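Worksheet: the structure to be examined is printed underneath.
Every number here is computed from the coordinates shown, using simple stated rules; none is lab data. Fair warning: this is a prediction, and the values are worked out from it, not measured in the lab. Virtual Cβ from ideal backbone geometry, glycine too; neighbours counted across all protein chains shown.
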Amino acid sequence: MPNSLAGQEILSLDETLQLMREKLSGIVPDVEIGIKAELAFKINRLKAEKNAVILGHNYMEPALFHSVPDYVGDSLELSRVSAETDADIIVFCGVQFMAETAKILNPDKTVLIPAEKAGCSLAAGICAEDVRALKRAYPDVPVVTYINTYADVKAESDYCCTSGNGAAVVQHLFELGHQHVIFLPDEFLARNTASELGVEYLDPILDGSTQTLPNEKCIIGWNARCEVHELFTVKDIRDARKQFPEVAVIAHPECSPEVVGESDFTGSTKQLIDYVQNVDAKQYLLLTECSMGDNIAAENPDKDMVRLCSFRCPYMNLITMEDTLAALEGIQYEVELDSELIRRARTPIDRMLSIS
Ligand code: 13P
Ligand code: SF4
């Protein structure tokens, strides 16, 4: 989605400050808006000078989110945008696997991430050798890998998916005649996808032997979890419903199947934002990373967001405006991937983009 403020002509410092105040008053303290507006002004000027594009994930903190990205979105939207940009430099305000995906789609461009250590517990939860071991245990079973993985894991996979199209990608494979699909690395996303498609979920077994699978369709998962989304509980939902009986509970599919089962709607971060914008509810309880709640509140001042918890992704939190400015000034930190790895990791991403 093109971003409102940064998509315009380069604004003066006063105009930047005014627009940021309009959007963020009541969400970000005024003194902070003043400091962030100066940073935004410098970043946007430098961005134009260097023919750079800034992509911002929906979990960026509100001041950054609303001032410097040319495009904001979920992993799928940002992959699509990065595949089409004609900028020379892509600055990815998101975590490492997202910047890597942009590099895989743009091997000849400079792709920068403002903080080198912006990881992800899901991406850290599996390695390429794990995928190879699964392929030995389940020969001929196609591998669908969540985009929240590093390039070496993608390179071992047949298809990628995001939180917005996991079921569509698995369904595509079922329609091609496959009965079984390996779905990595998020156990909860795999379980939620299996229940959305009405098929069985199986835990992986790696005992060195080839596994026999049932005749029915099924999804074989892995054991990684998002350290943020696993914190939401059914009790959170029940407590909120007691206090706000008409609340719409909307959850990211990295939440547990029990949490998803008690929610009114599940979707990618973009789909959750669209839900708040398009569906009238008395209140909304958002079960995902908390900065996104601030960003939705800033865009939708008329909507009543129930603020029940504040689980911030520690990795997304590393991406600051100061570091985004430093990234453009010093052309740092550049994502570098081996060209053969890029070639192998690109196939599953292209397949995903072509079917969703
Ligand atoms: P989305 O693709 O839904 O934005 O999710 C990315 C993510 O990391 C969620 O925790
Ligand atoms: Fe990874 Fe979870 Fe953070 Fe998303 S919220 S980047 S899945 S740790």
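A few notes on this one:
- When we screen MET316, MET292, MET305 for residues that are under 24 Å from LYS109 (Cβ atoms) and of a type outside the set (Lys, Arg), the only hit is MET316.
- The set of residues in the stretch 305-331 that are farther than 17 Å from LEU64 by Cβ and assigned to a loop (DSSP other than H, G, I, E, B) comprises ARG307, LEU308, CYS309, SER310, PHE311, ILE331.
- Residue in the stretch 201-221 that is under 26 Å from PRO139 (Cβ atoms), of a type in the set (Lys, Arg), crowded, with 18+ Cβ neighbours inside 10 Å and in contact (Cβ under 8 Å) with a residue 24 or more places away in the chain present: yes
- The residue that is farthest from ligand 2 (Cβ to nearest atom), counting only those in the stretch 160-193 that are more than 20 Å from GLY125 (Cβ to Cβ) and of a type in the set (A, V, I, L, M, F, W, C), is LEU176.
- For the stretch 178-200, residues that are buried (at least 19 other Cβ atoms within 10 Å of the Cβ), more than 16 Å from ligand 1 (Cβ to nearest atom) and polar (S, T, N, Q) total 0.
- Matching entry among SER209, SER263 (being more than 16 Å from ligand 2 (Cβ to nearest atom), over 29 Å from CYS127 (Cα atoms) and either under 17 Å from the mean Cα position of the chain (by Cα) or assigned to a loop (DSSP other than H, G, I, E, B) (or both)): SER263
This table checks each residue for (1) more than 30 Å from LYS109 (Cβ to Cβ); (2) surrounded by 16 or more Cβ atoms within 10 Å (Cβ to Cβ).
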residue	(1), (2)
LEU231	yes, no
ASP236	yes, yes
HIS252	no, yes
VAL260	yes, yes
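- Complete set of residues in the stretch 97-114 that are in contact with a helix residue (DSSP H, G or I) (Cβ under 7 Å, 6 or more places away or on another chain) and within 15 Å of ligand 1 (Cβ to nearest atom): PHE97, MET98, GLU100, THR101, ALA102, ILE113
- Residues in the stretch 136-152 that are part of a helix (DSSP H, G or I) and either among the basic types (Lys, Arg) or within 19 Å of the chain's Cα centre (by Cα) (or both): ARG136, ALA151, ASP152.
- Of all residues in the stretch 78-126, those that are within 15 Å of ligand 2 (Cβ to nearest atom), touching a strand residue (DSSP E or B) at 6+ places or on another chain (Cβ under 9 Å) and charged (D, E, K, R) total 1.
- Considering the conditions (1) within 16 Å of ligand 2 (Cβ to nearest atom); (2) of a type in the set (S, T, N, Q); (3) out of contact with any Gly (no Cβ under 7 Å at 6 or more places or on another chain), ASN51 is excluded by exactly one of them, (1).
- GLU196 vs. criteria closer than 16 Å to GLY125 by Cα and under 22 Å from the mean Cα position of the chain (by Cα): no
- Scanning the stretch 277-295 for residues that are crowded, with 22+ Cβ neighbours inside 10 Å and either away from ligand 2 (no atom under 16 Å from the Cβ) or of a type in the set (Lys, Arg) (or both) yields TYR284, LEU285.
- Taken over the stretch 285-298, residues that are more than 16 Å from ligand 1 (Cβ to nearest atom) and in a helix (DSSP H, G or I) amount to 2.
- Close pairs from the stretch 23-34: first closer than 17 Å to VAL68 by Cα, partner outside any helix (DSSP H, G or I), Cβ under 7 Å, at least 6 apart: LYS23/HIS66; LEU24/HIS66
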